[in-house]
1. Filter the cross-link list Lys54/Lys139; Lys108/Lys139; Lys227/Lys313; Lys54/Lys313; Lys108/Lys136 down to pairs whose alpha-carbon distance in this structure exceeds 23 Å.
2. Under 13 Å between alpha carbons, and skipping anything fewer than 8 positions from Lys23 in its own chain: which aspartates and glutamates qualify?
3. Can you tell which of Asp19, Asp265, Asp220 shows the greatest fluctuation in a Gaussian network model of the chain with Cα springs below 10 Å?
4. Let a ≥ b ≥ c be the square roots of the eigenvalues of the Cα gyration tensor of the chain; is it rounded (a/c under 1.5), or, if not, prolate (a/b larger than b/c) or oblate?
5. Leaving out ligands and nucleic acids, and using a 1.4 Å probe, what accessible area per residue does region 16-227 come to in Å²?
6. Out of all DSSP beta bridges in the chain, what portion is antiparallel? Express it as a percent rounded to 5.
7. How big is the dipole moment of region 16-227 about its Cα centre under a simple scheme where the beta carbon of each Lys and Arg is +1, that of each Asp and Glu is -1, and everything else is neutral? Debye, nearest 20, please.
8. With only Lys, Arg, Asp and Glu charged, each at its Cβ (+1 for the first two, -1 for the last two), find how big the charge dipole of region 39-106 is about the Cα centre; round to the nearest 20 debye.
Amino acid sequence: MTTTAVPATSTTTEVVGFDQVTKTYGTVRAVDGLSLRLHPGETVALLGPNGAGKSTTLDLLLGLKQPDSGSVTVFGTSPREAIVAGRVGAMLQSGGLMDEVTVAELVKLSCSLHPRPYPVSDVLARAGITQIADRKVNKLSGGQAQRVRFALATAGDSDLIILDEPTTGMDVSARQAFWATMREQADQGRTVLFATHYLEEADAIADRILVLHRGRLLADGTAAEIKARAGARRISFDLEGTVDEDALRALPHLTSVTVSPSGSDRTVRIQSADADATVHALYRLGVYPRNLEVTGLGLEQAFVAITEAEEAKQS
């Protein structure tokens, strides 16, 4: 494979700018006063429950929809101007692939349309689809189709790559190879923005995480910062014999508790907003836990805690 070119120098250090952007559909406010900035070389995960506004945000970024108020800029211009200039590559869930053409023919077409195309052979190799280049697109598996979509998104030397649920349908090895390729893209100065339901991918891959909820930005930071913001820790331990679950549920600062049977023992898992106080109270009950562990929340638990707290405020 030939060496990829370095992305064209931007006239601004800001790749993406959302300024108080709002988009509504009837009575539903899909994006609600959203403001954010993306910068060169960042790998950014966009997280949120279903209906959070992720897809609408990406559509606004790609110029597929127009905001009701506020502004969206890409490299200091409109999304359409940035796309026409070849500065944006996108891999979306929506929209099918052309049938009755081969993978190679479709990739060749995409390369021919890009202002700064890569050689077709390089694009096929980068996406891991060289071996299926002669296969008809409508004969592909779900994972293979996803890799073809990735090839189309990276057919040319774009500075911003947008990915919507990119690894859906891929097996573990394909997912690992995909993210290794995307890390190379970021290392070359490109900005990668991806929406995903695989929170372990966001935790492992993203330099920065954006959490959307009902169209608003709830959290913006590294995975470690998002976890810390949740303000809770996990406590797990084993107990022999019977367990007074009511006493456990009365421990201070709990946000959740589960007790799982395991032979004559019970495994207790607690989530606490003040782990030190909870453990001290546990010992005061006369309970002597075995295999006691106190750990921070994983990204998934932190994500749930942040979004549930927001739901509670709005209910």
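The values are calculated or read from the model by the stated rules, or taken from the named source; none is laboratory data. Keep in mind that this is a model prediction, so the values were computed, not measured. Note that we place each Cβ from the backbone using ideal geometry, even for glycine, and neighbour counts take in every protein chain shown. Surface areas here come from the heavy atoms of the whole protein model, side chains and all, with no ligands, DNA or RNA. Shrake-Rupley method; radii C 1.70, N 1.55, O 1.52, S 1.80 Å.
1. Lys54/Lys139
2. Cross-link targets: Asp32, Asp59, Asp68.
3. Asp265
4. In terms of gyration-tensor shape, prolate.
5. Roughly 42 Å² per residue, with all protein chains present.
6. Of all bridge pairs located within the chain, approximately 70 percent are antiparallel.
7. 280
8. Charge dipole of region 39-106: 280 debye, to the nearest 20.
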